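Note sheet for the following structure.
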Amino acid sequence: MPNKHIKKTLYVFLAIAFWFIVWEAASFLISDNLKLFLPSPIAVLRALSRLVTMLSFWHSVILTLLRIFLGFICGVTAGIIFGILTSSFKLSDIIISPAMRVIRAVPVVSFIILAYLFISVNYLPVFICFLMVMPLIWQTVHDGITNFDKDLTEMAKVFKIGGLKNLCFIKLTTISDEIISSMINGIGLAWKSGVASEVLCAPAISIGRNLYRAKGNISYDEVYAITLTIVILSIIIETLIKFSYRKKRKAEENNDKV
Amino acid sequence: MIKFDNVSFSYGDKMIINNLSFSIKDGENLLITGPSGCGKTTVGRLVSRLLMPDSGRITAPENISVVFQENRLINNIDVYKNITLPLEKSQLDTADILTQQFGFESIKHKSISELSGGMLRRVAILRAIAFGGDALLLDEPFNGIDSENISHIAKIIRREYNDRAKSIIIISHNKADAELFDAQILEI
C-alpha cells in the first residue's frame with residue numbers, strides 16, 4: 001500500500017516536472033519581444049515568493065476564499081432544496097426546472113455583467129458562485145430522486161416510511177455519493193467563475209483585482225504567479241473535500257470493524 | 001384472514017395468475033410453491049398490495065410486513081438504522097430484543113456494505129419481524145442462510161407471528177420450508 005502511494009506521488013511529480021520543462025523550453029525559444037507574456041517558471045516562482053511575503057496578498061486570498069466558499073455553500077443548500085421541490089411537486093418542477101436550465105445555459109460573463117448592475121461588487125462573486133453551483137447540485141438531486149430505485153420505493157411503501165424520514169434516510173442517503181461528486185465538480189466551477197467575476201468587477205480586496213492590476217502593469221510574471229496560487233488553492237480545497245469524505249467513509253468502516 | 005377469490009392478473013398480454021383461489025385463517029401459514037416464472041412472487045405482490053388484480057377479490061390485512069426476494073436494504077446507513085427506520089419509538093425496545101436474539105449486537109453499527117449475503121438476508125428478515133405487521137410475507141426467505149440459523153430464525157418468526165394469531169405466507173421453491181412453519185402448501 002505505501003509503495004502504491006509513493007508511486008502515485010512520484011507520477012504526480014514527474015508530470016509536474018515534465019510540464020515545467022515544456023514551459024521553460026517554450027519561454028526560452030520564443031522571441032524576446034514575446035518573453036514578457038510568457039515568463040520562465042523560475043521568474044514566476046520568484047514573483048510568487050515575492051507575493052507570499054506581502055500581507056495584502058494573503059488578505060485578498062482570504063477574502064476571495066470566503067466569497068467563493070459562501071457562494072458554494074449557498075449554492076449547494078439551494079440546489080438540494082430546489083432538487084427536492086422539483087422532484088416532489090409537479091408545480092415546482094414546471095416553474096423551477098426551466099429556470100435552472102436557463103441558468104446553466106447562460107454564459108457566466110453575461111451573469112456577471114447583468115448582476116453588476118444590481119449587486120455590490122463585494123458580493124457579486126458570492127452570487128456568481130451560487131449561480132454556477134446551484135443548478136449542478138439541483139440536477140443531481142432532481143435526477144436522483146426522480147429516477148429513484150423502484151425496489152426501495154416499494155420497500156418504503158410496504159413499511160410505511162414516508163415524509164421526511166423517507167426523504168432524509170432513504171432518498172438523500174442513497175444518492176449522497178452522487179451529491180458529493182457534484183460538489184467536487186462544483187468547487188472547481190465556483191473557483192473559475194468566482195475569480196472571473198472578481199477580475200471583471202474588481203472588488204477592493206480580492207485575488208481578481210490583483211490579477212487585473214498585474215495585467216494592467218504588464219507584470220505577467222505576477223499574472224502567472226497569481227494564477228498558480230488560484231490553481232493551488234482550488235486543488236487544496238478539492239482535495240480537502242475528497243479527503244474529508246474519504247475520512248468519513250473510513251471512520252464508518254473502522255467503526256464497523258470494532 | 002387472507003383470501004384470494006378467483007383472482008387473475010396479467011402483465012400486458014401474458015396471463016400470470018388465472019382464477020386463483022385460496023384462504024387461510026388468522027394464525028395459519030401457507031407456503032406457495034411452483035416452478036420458476038409461475039407467478040409465486042406476483043401472488044406475494046398482490047397480497048401486499050404492490051399490484052392490483054385484473055379481476056377477482058383479495059382480502060388481506062392492511063399492514064403486511066414483507067421480506068422481499070431482494071434484500072432492499074439502504075446502503076449508506078448502518079444495520080440498526082435499517083432495522084429501526086420503519087419503527088415508531090414505542091417499538092424500539094422490541095427491536096433491541098430481536099437484535100439480540102438474532103445475534104446482531106456486535107454488528108448493529110456496521111454498514112450494510114460490510115455484510116455477507118447471508119447476514120444481509122437476516123437483517124432483511126429482522127427488519128420485517130420488528131415492523132410487526134398483521135401478517136408476514138416471506139419471499140424466498142432463506143436464500144444464503146445456513147441451516148442452523150434457518151431453524152432459529154423460523155422459531156423467532158413463528159413466536160412473533162403465530163403466537164399472536166398472525167398469518168405467515170412463505171413463497172419458496174423449496175417445499176421443505178413448509179415443515180419449518182407448519183404451513184399448508186399451495187402449488188401454482
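Taken together, the values in this text are just the output of simple stated rules run on the coordinates, not laboratory data. Given the structure is predicted, the values throughout are model-derived calculations rather than measurements. Heads up, the Cβs are rebuilt from the backbone with ideal geometry, glycines too, and the neighbour counts pull from every protein chain shown.
Which of A:T227, A:F69, A:T153 sits farthest toward the positive end of the charge dipole of chain A, with +1 on the Cβ of Lys and Arg and -1 on the Cβ of Asp and Glu? Checked the options; the winner is A:T153.
Treating the angle as unsigned and between 0 and 90°, give the value, to the nearest 10°, between the Cα long axis of helix B:92-101 and the longest Cα principal axis of chain B. It works out to around 80 degrees. As a ratio to 2.2 N^0.38 Å, the alpha-carbon radius of gyration computed for the protein assembly as shown takes the value 1.37. The long axis of helix A:2-29 is offset from the longest Cα principal axis of chain A by roughly 40 degrees.
Note on the range A:69-134: Kirkwood radius taken over Cα pairs, Stokes-Einstein applied at 25 °C and 0.890 mPa s, translational D equal to 197 µm² s⁻¹.
Note on the protein assembly as shown: with charges restricted to the Cβ of Lys and Arg (+1) and Asp and Glu (-1), its dipole about the Cα centre is near 1340 debye. Considering all different alpha carbon pairs of chain A, the Kirkwood hydrodynamic radius works out to 21.2 Å.
Its Cα centre serving as origin, the range B:2-187 has a Cβ charge dipole (Lys and Arg +1, Asp and Glu -1) of approximately 220 debye. Bridge orientation summary for the range B:2-187: considering DSSP beta bridges with both residues in this region, about 40 percent are antiparallel. For the pair the range A:95-158 / the range A:59-88, the C-alpha centres are spaced 10 Å from each other. Principal-axis analysis of the Cα atoms of chain B puts helix B:117-131 at an angle of about 80° to the longest axis.
Here the Gaussian network model covers chain A, with springs between Cα atoms less than 10 Å apart; of A:I205, A:I95, A:I241, A:I95 fluctuates the most. Note on chain A: with a GNM built from Cα contacts shorter than 10 Å, the maximum mean-square fluctuation among A:E154, A:E238, A:E178 falls on A:E154. The local environment of B:I24, defined by Cβ-Cβ distances under 14 Å, has a net charge of -2 under the rule Lys, Arg +1 and Asp, Glu -1. The DSSP beta bridges internal to the protein assembly as shown are antiparallel in roughly 40% of cases.
Placing a label point 7 Å from the Cα of A:K150 along the Cα-to-Cβ line, the residues of the range B:47-66 whose backbone N sits under 15 Å from it are B:50-52.
Taken one residue at a time, the phi angles of the range A:208-213 give Karplus couplings (6.51, -1.76, 1.60, θ = phi - 60°) of x, 5, 4, 5, 5, 5 Hz. Gly and Pro are set to x. Think of chain B as a dipole: +1 on every Lys or Arg Cβ, -1 on every Asp or Glu Cβ, centred on the Cα centre; then among B:N162, B:L138, B:I74, B:I74 lies furthest on the positive end. Basic side chains Lys and Arg get +1 at the Cβ, acidic Asp and Glu get -1 at the Cβ, and with that the dipole of chain A about its Cα centre reaches some 380 debye. Across all directions, the average flat footprint of the convex hull enclosing the Cα atoms of chain B is 10.5 nm².
Close amide H pairs (under 5 Å, H built 1.01 Å from N) link B:I64 with B:D134, residues at least 5 positions away or on another chain. Taking 0.36 nm per residue of sequence separation and removing the Cα-Cα distance, the A:A105/A:F69 pair yields an extension gain of 10.7 nm. Under 5 Å from the amide H of B:E140 lie the amide H atoms of B:I171, B:S172, each residue being 5 or more positions distant or on a separate chain, with H modelled from the backbone and absent for Pro and chain starts. From its DSSP helices (H runs of at least four residues, each -39,500 (n - 2.57)), the protein assembly as shown gives a residue-normalised ellipticity at 222 nm of -19500 deg cm²/dmol. Near B:G133, once Lys and Arg are set to +1 and Asp and Glu to -1 for all other residues with Cβ below 10 Å from its Cβ, the sum equals 0.
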